[in-house]
Structures are given as C-alpha cells and as structure tokens.
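What follows is a set of notes on a single structure, which appears directly below.
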Amino acid sequence: MDQNILFAIIGGAGLIMGILAGKLIFAKNTKKQIADAELLAQNIIKEAELRGETFKKEKELEAKERFVQMKSNHDKEVFEKNKKINDAENRIRQKEQSINQKESNLDKHIKENEAIKDNLNRQIELVNIKRTELEKHQEEHIRRLEKIAGLTADEAKTQLVESLKQEAQTKALAAQQEIIEDAKQKANKEARKIIIQTIQRTAAEQAIENSITVFNLESDEVKGQIIGREGRNIRAIEAATGVDLIVDDTPEAIVLSSFDPLRREIARLSLQRLVADGRIHPARIEEVVDKTRKQIEEQVMEIGERTVIELGIHGLHKELVRMVGRMRFRSSYGQNLLMHSREVANLCAIMASELGMNPKLAKRAGLLHDIGKVPDEETELSHALLGAKLAEKYGENPAVINAIGAHHDEIEMQYVISPIVQACDAISGARPGARREIMQQYLQRIKDLENLAMTYNGVEKAYAIQAGRELRVIVEADKVSDQDSEKLSFEIAQKIQNEMTFPGQIKVTVIREKRAVNVAR
C-alpha cells in the first residue's frame, strides 16, 4: 500500500518535472523560432523595400519615357496640324490672288470687249454704207453690160446656166469614167480572189493528176534492188534525175513525182533500163541516166524538127525548135501542149487564109504562142510575156512576138494576127474532149445531168452518154404524150443551159415508146 503510494508520488513528481522540462524546452524553442521569424521578417522587409525602390524607379522611368513619347507624338501632331493650316492658308492666299487677278483680267476684258463692240458697230455701219454703194455700182455695171452685150440679165443667166450644165456634164462624165475604172479594179481584185480560192480547193487534185507517173514492176522483189542497201540506190536515182521516188505498199508499182514531165520521162526510161539490165548501183545509175538524158534531148530535137517540117514552117531558130519538141512532154489542163499548139497553128492558117492574110505567118505564131510554158529556167513572168521575150531573143517577126505576148491580153494587140491567135487558142482549148477532167468531177457532172432530168414528172430513166455530151431521157408513154415529149426536151435543155457549166454542147433526146407485150403458152 505504502509502496503504491510511493510509486504514485514518484510518478506524479516525474510527470510534473516532465511538464516543467517540456515547458522550458518549448519556451526556449519558441524564443528561437520567434528570433528567427523576426530576422526573416526583417530580411523580407528589407528585400521588399529594395524591390519597392527598384519597381518605383522602373515605373518612374516608364512614366518618363511614356511622357516623352506622348509629348513627341503631341508635338508631331501639332506640327502636322500647323503645317496643314499653313498649307491651307497658302492655298487660300493663292486662290485669293488668282481671283483678284481674274477680276482684274475680267475688268480688262470687259473694257476691251466694249471697245471692240463699239469698233464693230462702227464697222457694221461702214459695211452697210459700202454694201449700199456696191449694190448701186452693181446695178450700174449690169446696165452697162446689158448695153455692151446686147443681153438682158435673164438671158445672161440662161447662158450661164447652160455653160454650167455643160461643165457639170463634163465633170459627171469624168466621175463616171473614174467610177468605171474603180469598178474594173475592184472586179479584177474580186476575180483574182475567186480564182485563188478555186486554185486553193483544186490544187491538190491537179497536182496529183499532172505531177506523178506510175512505174509498174513485174514483182515486188525489184523494189528492194531499186532501194538498195540503206537506200543508196534510190538516193542516187533521185539525185541524178531530180525526181522523187515513192516506194510504198502499193503492189508492183513505184510512183515518180515531179512537176517537170521531162524529168519524169527520163526517170521512167532510166528505171526501165536499170530493171531490164538487173545491175542497179550508184555508178550504173549515173551512167544510165546520162545516156537516157542525151537520148531524150535528141528525141526532143527530132520531135521539134518533124513538127516544123510537117507544118511547113521554115527558118525557125534551133532553140525554138527544141522548145517545140519539149512541148511533147508537157500538158496544159490535161491537154498535150504540142498537140494543142499544132491544132492552133492549123486553125490560124485556115482563118488567115479565109481573111486574105498571110497564113504562114499566122501558123508560125499559132505554133509558138505557148513556148513560154516550156522554159529552161523558172521565172516570175507569165508564159505569154516569157514566150514573147524568147521569140524576140531568137529574132522572130514583130507580128509573131506581139501575137504571143497578147494572146492573154497582157500587152496591147498591134497586129491583125494577134486576135486570130487568141481566138484559135480559145477554140482549141474549149472544144469538147480537148481537156480531160478529174475523174471525180467528171462522174459528178454525169450524175448531175441524170438527176436534173429525173426531176421532171413522167421520166422513167435518164442516161448521160457520149462523155456527157448527150442526155437520153426515157419517159413513160402513159404519162407523157408526143407533144409533151417535145416540150420536155426543150425544158430540160433550157434548164441545163441555165444551171450547169459544161464545155461544148449537150444534146437532149427524149424517147417515148409504147409497147404491148403478151405471152403465148
């Protein structure tokens, strides 16, 4: 019991001592914490004061800079406003000065106008006075003229009107002539335009018709020999003859292309000899082409000499004879030029004989009228002018020279045989069958003829025969009588004449047939 009390007393004493010791320790720690807190607070205060001073200085500097900037902007605005005000004041002053100047000028002009007006009034008065005096003088002058001329004023006016009419008629005739000349020039321009358009549309077909020759082969194996290794043979042929060789997929054929018919003929004969010989190489090609060219030249000369002998023309220069022979290898609108020239020569001789003129001279001009179409060198002259130039060069008669140059109205006709040559040239070229047409055009013309006849009632069938120079029309006997047949023939002929273009003439034959057919069984 006593022991427990003792432990309790000791425990209480220990508790009290612990409490006291804890208070002492807490008090000591509290003091230290308070001292540290005060020190920290002092440091914070000092740092805050330093920062405050720094912030204050920064703000003061910013405020000063902003103030300076605002002051600068304000000064600048004030300066600009002052400048604008000064400019406006200057403009106002200038306007005032200008207005004052204009007012002074206006006053000056008003004074000058008043002076001019007064002067004009004085001059008008003087003019009126002078006019009155002039009218009096004119009346007196008219009376004197009437006395001198023995005519009244009305008679003089009548004569003046007549003279003015004559003068006006003369001027009108001159103006009419100018209008006619201008119309001719415009018509020539339009005609050239139409001809050029026609040439443009048909040039390709004409070139195909007149610039190629087809060389037939026995087999396609010969094509390889003609071409040669790497094409050396074909290049040698083209270089030697001046003709383009077209070797394509066309079986057993080679196309020779050139605008010169003489060159095409030389190339054709040379190829014919090379293929027959079988030896085709560049050296052999040159040799054969040279021989062929010499042979053709001899043939040309022979043809020319034979032609002039047959026509009975003597004393013709050798160069002109050679040109006549060259015509054999040239065509014009599909018509052989030599045959055409021979025909014109014969026609000229016949016409000159009928008119009692020199037939030999006319025949000579007719034969030579187209020599300008076979020149040795290309030139810009037309064939008529070039032919006249060549005839003059080789000493032909002036009448022949003029007939050659004037047969297309390019120079003035000075001799009587010139229109004869022109007429015979037109006759030879325009006769039916003289000049061939392109196959497509020919077929179209035949078809148009038949279709034109089929448009009439009662026509059963229509056939264009004799190369389109005759139209046979078969009608139904039940619908068309004999009288109607004659009328139908006339109407079809008139319609063909008005609506179609054709060389020569076309005969229209209407056939009406009545058949009764029965079969006996």
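Grab the other residues whose beta carbon is less than 14 angstrom from that of Lys495, score K and R as +1, D and E as -1, and report the net.
Net charge in that neighbourhood comes out at -3.
Can you tell me the orientation of helix 439-454 relative to the chain, as the angle in degrees between its alpha-carbon axis and the longest Cα principal axis, to the nearest 10?
The angle comes out near 80 degrees.
Taking R0 as 41 Å, what's the FRET efficiency between Glu114 and Arg144 from their Cβ-Cβ distance, rounded to 0.05?
Here the calculated transfer efficiency is 0.35.
With each label point set 7 Å from Cα along the Cα-Cβ vector, what nm distance links Lys59 and Lys171?
According to this spin-label approximation, the distance is 10.6 nm.
Can you give me the distance in nm between label points at Ala426 and Ile465, each placed 7 Å from the Cα along the Cα-to-Cβ direction?
A separation of 3.3 nm, rounded to one decimal place.
For Val510, what residues show an amide H to amide H distance below 5 Å, using hydrogens built from the backbone and excluding near sequence neighbours?
Result for Val510 returns Val473.
So, R0 is 60 Å and r is the distance between the beta-carbons of Ile99 and Ala48; what FRET efficiency does that work out to, to 0.05?
Numbers: r = 74 Å, r/R0 = 1.23.
Plugging the Cβ-Cβ distance into 1/(1 + (r/R0)^6) gives 0.25.
Classify the chain: rounded, prolate or oblate, from the alpha-carbon gyration tensor (a ≥ b ≥ c, eigenvalue square roots; a/c under 1.5 rounded; otherwise prolate if a/b is larger than b/c)?
Oblate, since a/c reaches 1.5 and b/c is not below a/b.
Per DSSP H run of at least 4 residues, take -39500 (n - 2.57); add these up for the chain, divide by its residues and hand me the 222 nm value, nearest 500 deg cm²/dmol.
-25500 deg cm²/dmol
What ranking of Phe259, Phe215 comes out by heavy-atom accessible area, probe 1.4 Å, highest first?
Greatest to least solvent exposure: Phe259, Phe215.
Can you tell me how region 365-434 classifies by the Cα gyration tensor, rounded, prolate or oblate, using a/c under 1.5 as the rounded cut?
oblate
Less than 15 Å Cβ to Cβ from Thr30, Lys/Arg counted +1 and Asp/Glu -1: what total charge do the surrounding residues give?
+2
Extension gain Arg232-Glu287, at 0.36 nm per residue separation less the Cα-Cα distance, in nm?
Length gained between Arg232 and Glu287: 18.2 nm.
Identify all lysines with a Cα-Cα distance to Lys136 below 25 Å; exclude those on the same chain that are fewer than 8 residues away in sequence.
Those lysines meeting the cut-off are Lys147, Lys157.
Is the shape of region 332-399 rounded, prolate or oblate, going by the alpha carbon gyration tensor and its root eigenvalues a ≥ b ≥ c, with a/c under 1.5 for rounded and a/b larger than b/c for prolate?
Oblate shape, in that a/c is at least 1.5 and b/c is the bigger or equal ratio.
Counting only protein chains, not ligands or nucleic acids, how are Met17, Met413, Met500 ordered by accessible area (probe 1.4 Å), most first?
Ranked from most to least accessible, the order is Met17, Met413, Met500.
With the cut-off at 18 Å, tell me which of the pairs Lys223/Lys294; Lys184/Lys389; Lys373/Lys393; Lys447/Lys479 have Cα atoms farther apart than that.
Violating the 18 Å limit, Cα to Cα: Lys223/Lys294; Lys184/Lys389; Lys447/Lys479.
For the pair Lys507/His314, report the inter-label distance in nm, with labels modelled 7 Å from Cα in the Cβ direction.
Taking the two extended label points, one gets 4.4 nm.
Local charge sum around Ile234 (other residues, Cβ-Cβ under 12 Å, Lys/Arg +1, Asp/Glu -1)?
In short, +1.
For the Cα atoms of the chain, what angle does the longest principal axis make with the long axis of helix 359-368, in degrees from 0 to 90, nearest 10?
30 degrees
Taking only Cα atoms, what is the 0 to 90° angle, nearest 10, from helix 482-499's long axis to the longest principal axis of the chain?
50 degrees
Counting DSSP beta bridges with both partners in the chain, what percentage is antiparallel, nearest 5?
75 percent
Need the full-extension length gain, Asn397 to Val214, defined as separation in residues times 0.36 nm minus the C-alpha distance. One decimal, nm. Write out the running numbers ahead of the final one.
Details: separation 183, 0.36 × 183 = 65.88 nm, distance 4.18 nm.
Full-extension gain reported as 61.7 nm.
The values are calculated or read from the model by the stated rules, or taken from the named source; none is laboratory data. Because the structure is predicted, anything quoted here is derived from the model rather than measured. Heads up, the Cβs are rebuilt from the backbone with ideal geometry, glycines too, and the neighbour counts pull from every protein chain shown. Surface areas here come from the heavy atoms of the whole protein model, side chains and all, with no ligands, DNA or RNA. Shrake-Rupley method; radii C 1.70, N 1.55, O 1.52, S 1.80 Å.
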